[in-house]
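One structure is given here, and the rest of the page talks about it.
The values are calculated or read from the model by the stated rules, or taken from the named source; none is laboratory data. Treat the numbers as computed from the prediction; the structure is a model and nothing was measured. Cβ coordinates were reconstructed from backbone atoms using ideal geometry, including for glycine residues, and neighbour counts include every protein chain displayed. Ligands, DNA and RNA are excluded from the accessible area calculation, which covers all protein heavy atoms including side chains. Shrake-Rupley method; radii C 1.70, N 1.55, O 1.52, S 1.80 Å.
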Amino acid sequence: MVTAVVGVNWGDEGKGKITDMLAENADIIVRFQGGANAGHTIKNSYGKFALHTLPSGVFYDHTTSIIGNGVALDVKKLFNEIKSIEEKGVPTPKILVSDRAQMVMPYHVLFDSLEEARLAGASFGSTKSGIAPFYSDKYAKIGFQVSELFEEESELRAKIERVLAQKNVLLRELYHQPEITVDEVYNTLMEYKEMLEPYICDVSAFLWNAVQEGKNILLEGQLGSMKDPDHGIYPMVTSSSTLAGYGAIGAGLPPYEIKKIVAVTKAYSSAVGAGEFVSEIFGDEAEQLRRNGGDGGEYGATTGRPRRVGWYDCVASRYGCRIQGATDVAFTVLDALGYLDEIPVCVGYEIDGKEVHDFPTTTLLKKAKPILKVMPGWKCDIRGIREYKDLPENARKYVEFIEQEIGFPITMVSNGPGREDIIYR
Ligand code: GDP
Ligand code: MG
């Protein structure tokens with residue numbers, strides 16, 4: 001069976017933890033979109049890890065981890081990540097890389113930084129991992145697919161020359177930077193070829209067979225609904241689809257095989273980078289939530305940046321679950337709210353004096369003010385609880401209120417960062 005684990009909100013909802021937990025019963029875990037620009041933090045018996053490229057199932061020796069064709073593959077970062085987990089005692093993971101995945105080139109990373117610097121105050125708050133330039137090139141059909149590493153040298157060099165003709169105009173005229181040579185790019189590609197060769201696989205054929213054999217496959221999404229280029233808060237979105245539906249494309253599976261969609265949402269909100277965030281809070285109130293949030297605070301796994309924080313947003317989450325097609329909702333980091341006497345929840349938006357319950361486009365979203373309902377807190381530590389009925393009454397009321405507001409079943413409540421910190425309902 002194929003299960004997708006995806007984010008409902010702005011990312012950092014705890015997908016890594018949920019994937020790592022579900023991977024115990026999985027055979028294959030596939031990353032299907034995004035690149036090394038976002039991070040999943042995982043805590044297990046080997047230690048604490050921030051993964052950017054590897055799927056969150058690499059810690060088991062019974063799983064195969066796959067980099068799907070939809071991923072922005074940063075080859076060096078992938079290999080550094082494999083090395084870093086091996087150094088902490090994790091057995092060498094079984095990894096396959098799709099022959100149809102495309103590679104992030106050093107100039108993608110360079111252009112990302114140069115463009116952010118050029119935009120200055122109007123920048124996107126990019127992690128400068130080259131993701132936007134990478135996907136732009138993929139769809140402009142000037143990217144490099146893994147399979148192309150095996151082209152004849154003359155053909156590959158001719159393509160590089162065509163690509164660089166554009167790149168060098170930008171470098172020279174817009175960014176006033178030194179130009180890139182064909183040799184440089186060719187040598188980089190040959191380096192990637194040597195590194196990748198043992199791992200390359202026709203992933204869609206591999207997954208097709210796995211499905212026929214009844215294997216359990218997890219598709220691991222990055223970021224969340226709000227960051228989807230079509231359905232999110234455009235233009236403050238990422239450059240590949242973050243939705244479960246895209247899992248079929250970015251892995252190479254029939255869409256009808258995705259039977260379960262676990263939509264992960266956190267008991268409060270957080271976001272990194274710029275963009276609309278209606279229930280955001282500021283000042284001391286925010287600092288307190290940031291400090292209590294996540295596992296050791298809400299700071300980016302890739303960048304270490306303090307994350308923006310806010311109250312739970314039922315409007316955004318109802319939409320986020322719907323657009324993901326949630327069959328199950330995993331409600332995470334509930335334990336972090338134990339310090340609050342009262343917990344505000346955003347139940348609607350006020351836009352131009354009208355109450356709105358359907359998540360609007362960015363143009364309207366800019367004008368939205370949160371309508372808050374205040375729930376009573378439970379004022380205690382709920383970590384270690386394993387049965388739903390053992391949660392304090394106010395914690396259960398909080399979960400049930402949000403479940404009713406979003407209209408999708410919360411089947412898992414996560415009350416700690418570890419694999420075992422989970423309550424099934
Ligand atoms: P992802 O990008 O969706 O995988 O999420 P991140 O890993 O970036 O951020 C989630 C953070 O919350 C990580 O530090 C996790 O270890 C932590 N975490 C996940 N679930 C829980 C939970 O139920 N309680 C607490 N306290 N921390 C959690
Ligand atoms: Mg994250």
Report summary line: segment 323-356 scanned against label point 7 Å out from N394 along Cα→C-beta; backbone N under 20 Å for 332-347
Query raised in the report: Once the piece of chain linking E257 and E184 is laid out straight, how much longer is it, given 0.36 nm per residue of separation minus the C-alpha distance between them?
Result: 22.0 nm
Report task. Show the residues, 5+ positions off or on another chain, whose built amide H is closer than 5 Å to the amide H of I343. Result -> M375, G377
Query raised in the report: So what does K193 come to for accessible area, using a 1.4 Å probe and Å² rounded to 10?
Result: 50
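Can you give the helix-only mean residue ellipticity at 222 nm for the chain, where every DSSP H stretch with n ≥ 4 adds -39500 (n - 2.57) and the sum goes over all residues, rounded to the nearest 500 deg cm²/dmol? Don't skip to the end; give the middle numbers.
Details: 12 runs with 133 residues, N = 425.
Calculated at 222 nm, the ellipticity per residue is -9500 deg cm²/dmol.
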Query raised in the report: Quick one: how many Å² of W10 are accessible to a 1.4 Å probe, rounded to 10?
Result: 10
Report summary line: Whole-Hz Karplus couplings 3J(HN,Hα) for segment 79-93, θ = phi - 60° and coefficients 6.51, -1.76, 1.60, Gly and Pro as x, run 5, 4, 5, 4, 4, 5, 6, 4, 4, 8, x, 6, x, 3, x
Report summary line: Ordering F206, F124, F32 by the accessible surface of their heavy atoms, 1.4 Å probe, largest first, yields F124, F206, F32
Report task. Multiply the residue gap between E148 and R172 by 0.36 nm, knock off their C-alpha separation, and tell me the result in nm, one decimal place. Result -> 5.9 nm
Query raised in the report: At a 1.4 Å probe radius, carbon and sulfur cover how many percent of the accessible area of segment 1-105?
Result: 47
Report task. Before anything else, pin down the relative contact order of segment 286-413: Cα pairs under 8 Å, at least 6 apart, normalised by residue count, whole percent. Result -> 29
Report summary line: Between E387 and E197, Cβ-based FRET efficiency (R0 45 Å, step 0.05) works out to 0.35
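Rank these by accessible area, largest first, 1.4 Å probe: C380, C321. Don't skip to the answer; put the middle values down first.
Values: C380 55, C321 0 Å².
So the residues, ranked largest to smallest area, are C380, C321.
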Query raised in the report: Counting DSSP beta bridges in the chain, what percent are antiparallel, to the nearest 5?
Result: 40
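Too long at a 32 Å Cα-Cα cut-off: which of K94/K128; K77/K373; K128/K266?
Details: K94/K128 29 Å; K77/K373 44 Å; K128/K266 26 Å.
Pairs exceeding the cut-off: K77/K373.
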**Report entry** A140-E86 FRET efficiency (beta carbon distance; Förster radius 30 Å; 0.05 resolution)
**Finding:** 0.25
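Which order do the peptides 262-269, 170-177 take when ranked by the mean count of other beta-carbon atoms within 10 Å per residue, highest first?
Descending packing order for the listed peptides: 262-269, 170-177.
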Query - Taking the chain and dividing mean pair separation by its residue count, relative contact order in percent (alpha carbons under 8 Å, at least six apart) - result: 20
Query raised in the report: Residue-wise, which Karplus ³J(HN,Hα) couplings in Hz belong to segment 410-418, taking 6.51 cos²θ - 1.76 cosθ + 1.60, θ = phi - 60°, and x for glycine or proline?
Result: 7, 9, 9, 10, 9, 10, x, x, x
Report summary line: the chain accessible area per residue, 1.4 Å probe, protein heavy atoms, integer Å², reads 41
Query raised in the report: Cα-Cα over 22 Å: which of K138/K159; K17/K48; K15/K379; K193/K215?
Result: K15/K379; K193/K215
Query raised in the report: Could you give me the ³J(HN,Hα) list for segment 226-241, computed from phi with Karplus coefficients 6.51, -1.76, 1.60 and θ = phi - 60°, whole Hz, x at Gly and Pro?
Result: 5, 9, 5, x, 8, 9, x, 8, 3, x, 8, 10, 9, 9, 9, 5
**Report entry** Ranking by accessible area, most exposed first, for R31, R419, R425, R291 with a 1.4 Å probe
**Finding:** R291, R425, R419, R31
Query raised in the report: Separation of segment 1-52 and segment 91-117 by C-alpha centroid, Å?
Result: 18
